[in-house]
Each structure stands twice: as C-alpha cells, then as structure tokens.
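The values are calculated or read from the model by the stated rules, or taken from the named source; none is laboratory data. Because the structure is a prediction, the values reported are computed rather than measured. Here the Cβ positions follow ideal geometry from the backbone for every residue, glycine too, while neighbour counts run over all protein chains shown.
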Ligand code: GLU
C-alpha cells in the first residue's frame with residue numbers, strides 16, 4: 001500500500017521545528033542574507049502528478065545551485081557530444097567553489113554541479129542558443145508548467161558584484177581553453193540562472209520528468225531516458241557537494257541542493273520531493289532540508305535502496 005505522503009510530511013514539519021536556529025543563512029551573496037530563516041516548505045509530486053505540500057510551499061525562494069540541474073538538462077539537449085569532454089562525471093570531494101582541483105586537472109571541472117562545471121555548462125548554452133536567457137526561462141516555465149517563473153535580477157547583480165571566486169574559476173578555465181565565450185558574459189548568465197525563483201511546488205513539478213523516464217506529466221519528452229539516467233546518477237554522486245556521501249547514506253535519493261536552502265530529490269517511478277529551509281550546515285546544504293529528506297525516506301520506507 002502507498003504510504004500517506006500528506007500525513008508523513010505534516011508529521012515531519014512538526015518534528016523538525018526544534019532544529020530551527022542551528023544552521024546559518026548564506027550571507028556571501030548579500031541579497032540572500034535578507035531572507036527570513038524560519039521558513040520551512042515541503043512538496044511532493046507523485047508519479048500520477050498529485051502534489052502534496054506543507055508549510056511555506058508556495059513562497060518563492062532563490063534556487064541557486066538547483067538551477068545547475070536544469071541548465072545541465074538544457075545543455076544536454078543542445079549539445080550531445082562535446083559536453084562530456086569539457087566536464088567530468090566524478091565527485092569532487094572539495095567545496096562547491098573550490099579552485100584546487102581545477103589547475104591540477106587542466107581546467108576540466110570534475111562534474112557539472114560544482115561551480116566550475118556549471119559555469120562550463122552555462123558557456124555551452126551561450127554558444128548554442130541565440131537568446132540564452134530566454135531559452136533557460138522557457139525551459140523552466142515548461143517543466144514547472146508555470147508561466148510566471150522569473151529571474152531575480154537584484155539577487156543576480158548582488159552575486160555578480162561579490163562573486164570573485166566564480167570569476168577566478170572562469171578566468172582559469174578560459175586560460176585552459178574551456179570557456180569559449182567572454183567570461184563576463186558567461187558570469188552574467190550564470191548568476192542570472194542561479195537567481196531563478198521557484199516555490200517548493202514548482203520545484204517538485206519541475207523534476208517530474210526525472211521520475212518518469214524523461215517525459216513530462218503530459219507525456220512530452222523533456223530528456224531521453226539515457227540522459228535521465230545520467231543526470232540522476234550525477235545527482236546521487238555529486239548533488240550535495242561534500243555531503244553527497246552523507247546524503248546517500250542517510251537519505252538514499254539522487255538530489256540537488258542550493259545555498260538558497262532548497263533541496264530537490266527524486267525516486268524514479270515514484271515521486272519527486274522538494275524542501276526549502278534557508279538555514280545551512282557547514283557544507284552549504286539546508287540543515288533542516290537534509291533532515292526532512294532523511295525522515296521522509298525512513299518513514300515512507302521508500303528510497304532507491
Ligand atoms: N550562485 C551560487 C554560487 O555560485 C550557487 C552556489 C550554491 O547554491 O551552492 O556561489
């Protein structure tokens with residue numbers, strides 16, 4: 001019998017309340033520091049398209065690195081061959097914005113979910129699309145089935161002003177020939193897609209094609225099954241930065257997090273789940289978000305393992 005998703009997430013929402021105050025809201029992007037830290041939203045979209053939600057599930061938040069999941073999917077649609085010569089598929093074991101491995105490995109980022117990898121993906125989209133910002137927005141609106149999805153340019157500009165590390169990563173990769181467009185142009189688009197605002201329900205819906213072999217709720221193909229397998233595998237091994245091992249151990253779902261406090265996870269054939277709680281742990285992942293995911297797979301008895 002299918003577990004009662006609504007009852008489980010309501011129970012979890014109450015049980016995680018004592019954890020409020022234990023993490024810290026991201027402040028290296030000044031605009032993000034303004035968020036109310038006490039928000040908690042959870043949404044699930046099951047394979048039949050039913051959505052179950054609690055708490056702040058309708059409040060928009062900055063998806064930040066979760067956008068890397070969707071830009072990767074878009075880039076895979078636009079560029080099939082060259083992509084995997086320019087970005088690897090191994091976990092990095094370093095922080096999301098680390099420069100350390102990049103020089104040792106000749107400007108080829110370990111995977112598309114660390115900042116360096118996502119910046120190469122942004123460069124690929126720039127090279128393949130005439131109107132790259134519009135292509136990203138169109139893709140996001142299609143997969144969320146929400147025409148109101150927007151970038152938050154105040155957040156994008158705030159990150160652009162302070163994102164010196166991302167600039168350093170980009171110039172280093174440019175020197176190795178792994179950034180083809182102008183660095184400034186790539187960084188502007190990267191910060192823009194990181195500033196996308198979705199709510200938990202949008203995010204659970206947006207990931208539906210990853211639980212349905214690449215098809216959206218209307219049966220339209222978003223990604224071919226081979227690429228869904230690849231994206232979900234990358235989420236499993238690299239979706240939570242330095243907590244990827246801990247997350248696999250405790251939760252057992254492919255997932256992607258962002259410093260805005262969101263996490264989205266998928267169980268192919270069953271459900272996608274999104275959580276938003278802005279206070280982060282020391283690895284930059286939502287502290288309550290990770291706990292919610294662990295409690296959910298434990299209580300429901302449903303994980304990839
Ligand atoms: N825009 C953020 C950065 O590049 C994304 C990081 C994240 O969400 O983990 O620093």
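For every residue, the table says whether it meets (1) assigned to a helix (DSSP H, G or I); (2) out of contact with any helix residue (DSSP H, G or I) (no Cβ under 7 Å at 6 or more places or on another chain); (3) away from the ligand (no atom under 16 Å from the Cβ).
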| residue | (1), (2), (3) |
| --- | --- |
| 84 | yes, yes, yes |
| 101 | yes, yes, yes |
| 107 | no, no, yes |
| 113 | no, no, no |
| 116 | yes, no, no |
| 119 | yes, no, no |
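Are any residues in the stretch 173-187 within 16 Å of the ligand (Cβ to nearest atom) and surrounded by 17 or more Cβ atoms within 10 Å (Cβ to Cβ), and if so, which ones?
173, 179, 183, 186, 187
Collect the residues in the stretch 112-133 that are more than 16 Å from residue 172 (Cα to Cα) and either at pLDDT below 95 or within 15 Å of the chain's Cα centre (by Cα) (or both), keeping them in residue-number order.
Residues satisfying the conditions are 112, 113.
May I ask you to list the residues in the stretch 1-46 that are in a loop (DSSP other than H, G, I, E, B) and over 20 Å from the mean Cα position of the chain (by Cα)?
Correct list: 1, 2, 3, 4, 16, 20, 21, 22, 36, 38.
What number of residues within the stretch 11-25 satisfy the criterion of being surrounded by fewer than 16 Cβ atoms within 10 Å (Cβ to Cβ), touching a residue at least 24 places away in the same chain (Cβ under 8 Å) and under 10 Å from residue 54 (Cβ atoms)?
Going through the stretch 11-25 one residue at a time, the tally reaches 1.
Which strands (runs of 3 or more DSSP E) sit wholly inside the stretch 193-305 and have at least 2 residues that are more than 14 Å from the ligand (Cβ to nearest atom) and over 24 Å from residue 92 (Cβ atoms)?
It comes to 271-276.
Scan the stretch 1-28 residue by residue and report those that are more than 22 Å from residue 266 (Cβ to Cβ) and either in contact with a strand residue (DSSP E or B) (Cβ under 8 Å, 6 or more places away or on another chain) or away from the ligand (no atom under 16 Å from the Cβ) (or both).
14, 15, 17, 18, 19, 20, 21, 22, 23, 24, 25, 26
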